[in-house]
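Heads up, the thing below is written out as structure tokens.
The values are calculated or read from the model by the stated rules, or taken from the named source; none is laboratory data. Computed from a predicted structure; not experimentally measured. Note that we place each Cβ from the backbone using ideal geometry, even for glycine, and neighbour counts take in every protein chain shown.
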Amino acid sequence: MNELVLKNGGKLTYRRLDDRDQYKLKRFQKEMAKYAHGFFTPHSSDDETINKVISRSMSDKDRVYIAFNREGVVVAYFFLWWYSSEFPVLGLGITPKYQGQGLGRQLIDILIEDARGNNCRAIELTTVLNNYRAFSLYQKLGFLYLGKVENLVGDGSVVEESHMYFPIEPEVKIPQRNHVTPFS
């Protein structure tokens, strides 16, 4: 496992998602739903979908990680969907207790390095329009705003979100596409 150091000196570990993690991921999503509904709902948390997430991670179709505190509780879930494509999609959810500690920046850096190492041309993401904190962080890290898009989220609803991308290849053009999960 790899280590992450927070601004307050606390330490977390992270690793790739694997077949031991169904319960942990479901528990994380249930916890996030209490306060982050509408901000981070990447997919449903039923057994079938969670098993697909794990399967795609283990087969490297997606690059999916979880970060743990000392007690082994998942405090962050972060990923690149369609990892083998030129334009993977970044997702990131952090429990409130660990927000504002420099964790988001570290997790995004991990995903950017993964994408670079896999010869991706750019990374895309969407974020809800009123998630100003995330939008600001993405801009600070070099993500560029493309405009508004309709996005199918994990609960099956369609929401308008900000579409952003991080150019790995200079002058890259992002293709138009539908914004759906790999599990739809």
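Return the only residue of ALA115, ALA76 being assigned to a helix (DSSP H, G or I) and touching a strand residue (DSSP E or B) at 6+ places or on another chain (Cβ under 6 Å).
Among ALA115, ALA76, only ALA115 is assigned to a helix (DSSP H, G or I) and touching a strand residue (DSSP E or B) at 6+ places or on another chain (Cβ under 6 Å).
Yes or no, residue by residue, for (1) crowded, with 21+ Cβ neighbours inside 10 Å; (2) over 20 Å from PHE28 (Cβ atoms); (3) out of contact with any Leu (no Cβ under 9 Å at 6 or more places or on another chain):
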site	(1), (2), (3)
ASP47	no, no, yes
VAL53	yes, no, no
VAL73	no, no, yes
PHE78	yes, no, no
SER85	no, yes, yes
LEU103	yes, no, no
LEU107	yes, no, no
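If PRO88 meets every condition in (1) under 17 Å from THR41 (Cβ atoms); (2) touching a Cys at 6+ places or on another chain (Cβ under 6 Å) apart from one, which number is that one?
Of (1) under 17 Å from THR41 (Cβ atoms); (2) touching a Cys at 6+ places or on another chain (Cβ under 6 Å), only one is false for PRO88: (1).
Collect the residues in the range 1-21 that are assigned to a strand (DSSP E or B), loosely packed, with under 14 Cβ neighbours inside 10 Å and of a type outside the set (Lys, Arg), keeping them in residue-number order. Talk me through it step by step, then tell me what you get.
Within the range 1-21, the subset assigned to a strand (DSSP E or B) is 2-5, 11-16.
Restricting the remaining residues to those that are loosely packed, with under 14 Cβ neighbours inside 10 Å gives 2-3, 5, 11, 15.
Of everything in the range 1-21, those that are assigned to a strand (DSSP E or B), loosely packed, with under 14 Cβ neighbours inside 10 Å and of a type outside the set (Lys, Arg) turn out to be ASN2, GLU3, VAL5.
Within the range 50-64, is there a residue that is in a strand (DSSP E or B) and under 14 Å from the mean Cα position of the chain (by Cα)?
First pass over the range 50-64, keeping only residues in a strand (DSSP E or B): 63-64.
Keeping just the survivors that are under 14 Å from the mean Cα position of the chain (by Cα) gives 63-64.
Scanning the range 50-64, I find at least one residue that is in a strand (DSSP E or B) and under 14 Å from the mean Cα position of the chain (by Cα), so the answer is yes.
Does any residue in the range 56-79 that is within 19 Å of VAL5 (Cα to Cα) and at pLDDT 95 or above come within less than 9 Å, Cβ to Cβ, of a residue that is part of a loop (DSSP other than H, G, I, E, B) and of a type in the set (A, V, I, L, M) six or more places away or on a different chain, and which pairs are these?
Correct list of pairs: TYR65/LEU17; ILE66/LEU17; PHE68/MET1.
Just give me the residues in the range 157-173 being surrounded by fewer than 17 Cβ atoms within 10 Å (Cβ to Cβ) and of a type in the set (A, V, I, L, M, F, W, C), in sequence order. Explain how you work it out, then say what you get.
In the first step, residues of the range 157-173 are kept if they are surrounded by fewer than 17 Cβ atoms within 10 Å (Cβ to Cβ); the result is 157-160, 167, 169-173.
Across the range 157-173, the qualifying residues are VAL158, VAL159, VAL172.
Can you tell me which condition LEU141 does not meet? The list is (1) free of Cβ contacts under 8 Å to residues at least 24 places away in the same chain; (2) closer than 27 Å to VAL5 by Cα, and all the others hold.
(1) is the only condition that LEU141 fails.
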